[in-house]
Amino acid sequence: MEDPTEVLFPTDCGLSLLAALDDDDAPGLNGINALDIGSGSGLYSVALLAAGAERVTALDINPASAAQTAANVRANGLDAARLTCVTSPLEEYTPDERFDLVVTNPPHLPYDPSYARGDGLETALVAHRGGRAVYDTVVDRMDTLLAPGGTLLMAHSSLADVPRTVTQLTARGYATETLAIFEMDIPLLAYAEHMETMLALLKERRATGRAEFDGSRFTVHALMFRRPLSADGR
């Protein structure tokens, strides 16, 4: 088995959302209390602290993520006292307070036993339910995690049914905006031995309208969801 403590290096998907943080319509970051779901190596946690976030909680199921995120915060000359690292499945995480901002880049590749590895790298890239497992959990948990008036920023792969997520959160009263759309390659080289299996799964999802891609190219949507301040949307 592969080393289960490995942490995924920032990918093009992750970097796309980082770029969107500079969008004119992106929320202000100074003084906020933020949650980084699936923090990995700490890409977003570092960026949020550097941009003036008062506190950042880095949440990841991989135990190696906490040490790597803290190390990267210190390496960038930032105050590690403003960082809290939590190792927990998202389903089981219950914070003491809700956050002003939630940032996440969920895994988006469909699961198959033939290429399942069970290590930290797989959990960062592959998800059950056709790649939607973490997206669905984020949607289910968002009212618990996000303060009224708060913002969810999500890097959403077109391989994992963008319209479904938008529809679900819009139905809850969240205002939705697309900050940017980035085109990139499906990371098939990482699964070269099982490329045909993965493409077959993706093509099945595309045939039912649950995935969009052209050849080996797909898109990542930098999405912003704003939770209403109250039940009547104000």
Counting only residues in segment 126-149 that are assigned to a strand (DSSP E or B) and either on the phi > 0 side of the Ramachandran plot or in contact (Cβ under 8 Å) with a residue 60 or more places away in the chain (or both), the one surrounded by the most Cβ atoms within 10 Å (Cβ to Cβ) is identified as Leu146
In segment 61-96, anything within 13 Å of Leu35 (Cα to Cα) and free of Cβ contacts under 8 Å to residues at least 12 places away in the same chain is listed as Asp96
Result of the Cβ filter at 9 Å on segment 193-210, keeping first residues that are without any contact (Cβ under 8 Å) to a residue 60 or more places away in the chain and partners that are in a helix (DSSP H, G or I), at least 6 apart or interchain, is Met195/Leu188; Met195/Leu189; Leu199/Leu188; Glu204/Gly130; Arg206/Leu159; Gly209/Pro163
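Quickly run through segment 133-172 and pick out the residues that are among the hydroxyl-bearing types (Ser, Thr, Tyr) and under 14 Å from the mean Cα position of the chain (by Cα). Break it down into steps so the answer makes sense when it comes.
Initial filter on segment 133-172 (among the hydroxyl-bearing types (Ser, Thr, Tyr)): 135, 137, 144, 151, 157-158, 165, 167, 170.
Result: Tyr135, Thr137, Thr151, Ser157, Ser158, Thr165.
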By residue number, the members of segment 12-28 that are in contact with a strand residue (DSSP E or B) (Cβ under 7 Å, 6 or more places away or on another chain), outside any helix (DSSP H, G or I) and surrounded by 13 or more Cβ atoms within 10 Å (Cβ to Cβ) are Asp23, Ala26, Pro27
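Return a yes/no flag: does segment 209-220 have any residue that is in a loop (DSSP other than H, G, I, E, B), of a type in the set (Ser, Thr, Tyr), at pLDDT 95 or above and surrounded by fewer than 16 Cβ atoms within 10 Å (Cβ to Cβ).
Taking segment 209-220 and keeping what is in a loop (DSSP other than H, G, I, E, B), we get 209-213, 215-216.
Imposing the further condition that a residue be of a type in the set (Ser, Thr, Tyr) reduces the set to 216.
Pick out the ones that are also at pLDDT 95 or above and you get none.
No, segment 209-220 has no match at all.
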Of the conditions (1) in contact with a helix residue (DSSP H, G or I) (Cβ under 6 Å, 6 or more places away or on another chain); (2) surrounded by fewer than 19 Cβ atoms within 10 Å (Cβ to Cβ); (3) within 17 Å of Asn76 (Cα to Cα), the single one that Glu6 does not satisfy is (3)
Condition set in contact with a Leu (Cβ under 6 Å, 6 or more places away or on another chain) and either under 21 Å from Arg206 (Cα atoms) or among the acidic types (Asp, Glu) (or both), scope segment 113-128, selection modelled with the highest pLDDT: answer is Val126
For Met154, the lone unmet condition from (1) among the hydrophobic types (A, V, I, L, M, F, W, C); (2) in a helix (DSSP H, G or I); (3) surrounded by 17 or more Cβ atoms within 10 Å (Cβ to Cβ) is (2)
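The values are calculated or read from the model by the stated rules, or taken from the named source; none is laboratory data. All figures in this text were calculated on a predicted structure; none of them were measured in a lab. No Cβ is skipped: glycine too gets one built from the backbone with ideal geometry, and neighbour counts run over all protein chains shown.
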